[in-house]
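The values are calculated or read from the model by the stated rules, or taken from the named source; none is laboratory data. Keep in mind it's a predicted model, so treat the numbers as computed, not measured. Counting neighbours? That spans all protein chains shown, and the Cβs are built from the backbone with ideal geometry, glycine included.
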Amino acid sequence: MDATLHEIAAALGAGKVVPYLGPELLEQGGEPIVPATFEALASRLSARVTVPFKIRTNMTAAAQYIENFKHRKTLVAVMKEIFQPTVAPSALHLYFASLPNLPLLVDTWYDAAASFALLGRPSWGQIQGVSRAEHRDVWVKYYDADGAESGESQAEKWGTVLYKPFGSIAPAANFIVSDSDFVEVLTEIDIQTPIPPQVQALRGGRRFLFVGCHFRNQLERAYARQIIKRSGDGPHWAVLPGELTKNEVKFLEEQNIQRLDMTPADFFVALYGLQAAA
């Protein structure tokens, strides 16, 4: 384990690793003020708009029901209400944001904690996935560090790209959350069309570090598989505590991902200790 941690720390310092953050990272500071799992978000959606009992724990299905029967604007309004509270960056958010060489950071949840962590960087911007129900002709939107809408040519100049494939509450409340949202993306993602060219270029030759992620459902695995496609040879790493499902074990083996059986909080302490010792 120590050798692996040293390898990760060295690769992070050299800008050869892409941190890939999941919603469970928000649980490290105690009870999160916004939902931090697919199931928790489904419950919050169902608490605001009545949905059939059988889909109350299914995030994408609950969101689709709201979109179909209450309109897309209602779904967006509910998502904005749920994720409006300001989520403070965790210690790991701040650690990654402090790295002198951080070309790409992937964050697969709807909060803005990663954006807040990056505010002190001299040159950065974010690329967010957007719903085709609202933006028929594009897969992503670009925003500079001040939250102003930008463009692909400007993004090529950013020192750090924050990629939010599901969208984000900030700055413009873009959400890929319903069944139809994800069907649109997954139909094309195998040929990489929804993944912005900057992300495709920056992942080349780099390894991925998954933190706060699980791979229990097909959606989580599909996004991770396609985002790391054509990246470095690996192995990649995943901070994954506790018991894994058979599908998770199989996925890690298929994608050459080495598991670290420790919590994100313990992982941060270990990384910080190595940094302090150096």
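Quick rundown of the values:
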| quantity | calculated |
| --- | --- |
| Residue count for segment 49-91, restricted to those that are on the phi > 0 side of the Ramachandran plot and assigned by TED's automatic domain parsing to the domain that holds residue 273 | 0 |
| Filtered residues of segment 12-29 (kept if at pLDDT 95 or above, surrounded by fewer than 23 Cβ atoms within 10 Å (Cβ to Cβ) and either touching a His at 6+ places or on another chain (Cβ under 8 Å) or within 14 Å of residue 235 (Cβ to Cβ) (or both)) | 16 |
| Unique match (being of a type in the set (Val, Ile, Thr) and under 15 Å from residue 182 (Cα atoms)) among 78, 106, 140 | 140 |
| Odd one out for residue 207, checked against (1) surrounded by fewer than 13 Cβ atoms within 10 Å (Cβ to Cβ); (2) among the charged types (D, E, K, R); (3) in contact with a helix residue (DSSP H, G or I) (Cβ under 9 Å, 6 or more places away or on another chain) | (1) |
| Residue in segment 266-275 that is closer than 23 Å to residue 27 by Cα, at pLDDT below 95, among the aliphatic types (A, V, I, L, M) and in contact with a Leu (Cβ under 8 Å, 6 or more places away or on another chain) present | yes |
| Residue count, segment 230-257 (criterion: modelled with pLDDT of 95 or more and either crowded, with 19+ Cβ neighbours inside 10 Å or within 19 Å of the chain's Cα centre (by Cα) (or both)) | 11 |
| Within segment 141-169, considering residues that are surrounded by 20 or more Cβ atoms within 10 Å (Cβ to Cβ) and more than 15 Å from residue 194 (Cα to Cα), the one modelled with the lowest pLDDT | 155 |
| Hits in segment 239-278 (condition: among the aliphatic types (A, V, I, L, M), touching a Phe, Trp or Tyr at 6+ places or on another chain (Cβ under 9 Å), free of Cβ contacts under 8 Å to residues at least 40 places away in the same chain and over 24 Å from residue 194 (Cα atoms)) | 239, 240, 244 |
| Odd one out for residue 174, checked against (1) over 22 Å from residue 77 (Cβ atoms); (2) surrounded by 19 or more Cβ atoms within 10 Å (Cβ to Cβ); (3) not charged (D, E, K, R) | (1) |
| Per-region count, segment 153-170, residues among the charged types (D, E, K, R) and either in a strand (DSSP E or B) or within 17 Å of residue 108 (Cα to Cα) (or both) | 1 |
| Residue within segment 193-207 that is more than 29 Å from residue 10 (Cβ to Cβ) and out of contact with any strand residue (DSSP E or B) (no Cβ under 8 Å at 6 or more places or on another chain) present | yes |
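For (1) assigned to a helix (DSSP H, G or I); (2) touching a strand residue (DSSP E or B) at 6+ places or on another chain (Cβ under 7 Å); (3) closer than 22 Å to residue 91 by Cβ; (4) not assigned by TED's automatic domain parsing to the domain that holds residue 209, each residue gets a yes or a no:
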| site | (1), (2), (3), (4) |
| --- | --- |
| 7 | yes, no, yes, no |
| 11 | yes, yes, yes, no |
| 15 | no, no, yes, no |
| 18 | no, yes, yes, no |
| 25 | yes, yes, yes, no |
| 28 | yes, no, yes, no |
| 44 | yes, no, no, yes |
| 47 | yes, no, no, yes |
